[in-house]
Amino acid sequence: MTCPLAFRFSYIDRIPSPASIAATKGSIVHRALELLFNRPSTQRTIQNCHLDLVSAFSQYEQISDLVDLNLDELQRKELEVQAHDLIDKYFEIEDPKEIKPIGLEVKLQAQVDGTTVRGVIDRLELDKAGELIVTDYKTGSPPRNNSESSKLNGVNLYALLCQEVFGRIPAKVQLIYLAKPITIIAVPTSSTLRGVKQRNNAIVQAVKTACTKGEFQPNPSALCSWCGYQKLCPAKGGTLPVA
Ligand code: SF4
């Protein structure tokens, strides 16, 4: 989390982030792809993936992310159509029958320079040479060229976690943007991971300073459209809650 104010709302004030259609659509599509990769490779067809999406929607019928949206019939239909469209787009990017996943929604945790770092990798797989590949699905818009590297911060952090937990740097990290669809690929190196550590340490230091001073400034960015705290954020015309 790179916005100090969003950090405060989430981790200090413990304000639950309100459900949003974009985030819920992303979660349901992620679940459908997880179900797809739980199938034997020969069954990973587009037809089965659409069925998995229907199953994912059923599972979310009981989950607040979907329930709290209170969608009317039209909105619900629109959400389903958009989600099925993302599944169609996914199959333009790769053939899931050829992927060898070794973990889905993999939770990793490590101590990095005295700080506990956690991450959940959408898909961890092996390439033909037996090297690790980290894959992260994105259901939002792909970045413009000049912000591509910042979008890789998350997957590079996962690469760091792979190094810390498994003792291996992944051969490749990739972001699959389903909506376009495009894949952004990077090859992390020791130097990349040193940069990730430095950035992580800088964020920890900034959070510590903000906690000490009690000052949590908004840091508007493209991520604001996914932020559930916009109504509380002065940078978005919202009103800060009384402390
Ligand atoms: S809307 Fe943007 S600036 Fe405001 S709290 Fe959320 S991420 Fe931070």
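Seen from a random direction on average, the alpha-carbon convex hull of the chain projects onto 14.4 square nanometres.
Close amide H contacts of ILE182 (hydrogens built in the peptide plane, cut-off under 5 Å, sequence separation of 5 or more or a different chain): TYR177. Would you mind pulling out the separation of the Cα centroids of the range 25-97 and the range 124-203, in Å? Measuring centre to centre over Cα atoms gives 24 Å.
For the range 184-243, the spherically averaged projection of the C-alpha convex hull amounts to 5.8 nm². Packing order of peptides 15-22, 227-234, highest average first: 227-234, 15-22 (average count of other Cβ atoms within 10 Å over each peptide's residues). Exposure proxy ranking for ASP52, ASP127, ASP72, based on other Cβ atoms within 10 angstrom of each Cβ and starting from the fewest, stands as ASP72, ASP127, ASP52. Within the chain, antiparallel bridges make up roughly 75 percent of the DSSP beta bridges whose residues both belong there.
Note that the range 127-133 has calculated 3J(HN,Hα) couplings of 8, 5, 8, x, 8, 6, 10 Hz, one per residue in order, obtained from phi through the Karplus relation 6.51 cos²θ - 1.76 cosθ + 1.60 (θ = phi - 60°); glycine and proline are x.
Counting pairs of Cα atoms in the range 35-126, how many percent are more than 24 Å apart? Here the tail beyond 24 Å accounts for 38 percent of pairs.
Dividing the mean sequence gap of close Cα pairs (under 8 Å, 6+ apart) by how many residues the range 112-186 holds gives a relative contact order of 33 percent. For the modelled label position 7 Å from the Cα of PHE91 along Cα-to-Cβ, which residues of the range 18-60 have backbone nitrogen atoms closer than 11 Å? From the range 18-60, the list is 44-51. Using the Karplus relation 6.51 cos²θ - 1.76 cosθ + 1.60 with θ = phi - 60°, the per-residue 3J(HN,Hα) values for the range 10-26 come to 7, 9, 9, 6, 6, 7, x, 6, x, 5, 10, 4, 4, 5, 5, 4, x Hz, with x marking Gly and Pro.
Convex hull of alpha carbon positions in the range 100-199: directionally averaged projected area 6.5 nm². Straightening the chain between ALA222 and VAL81 buys 48.3 nm, computed as 0.36 nm per residue apart minus the Cα-Cα spacing.
Taking the DSSP bridge list for the range 100-199 and keeping only pairs wholly inside it, about 75 percent are antiparallel.
Model label points for THR45 and THR116, set 7 angstrom from Cα along the Cα-to-Cβ axis, are 4.6 nm apart.
Every number in this text was worked out from the coordinates using simple rules, so none of it is lab data. Keep in mind that what you see is a predicted model, and the values were worked out from it rather than measured. In this analysis, Cβ positions are derived from the backbone assuming ideal geometry, glycine residues included, and neighbour counts consider all displayed protein chains.
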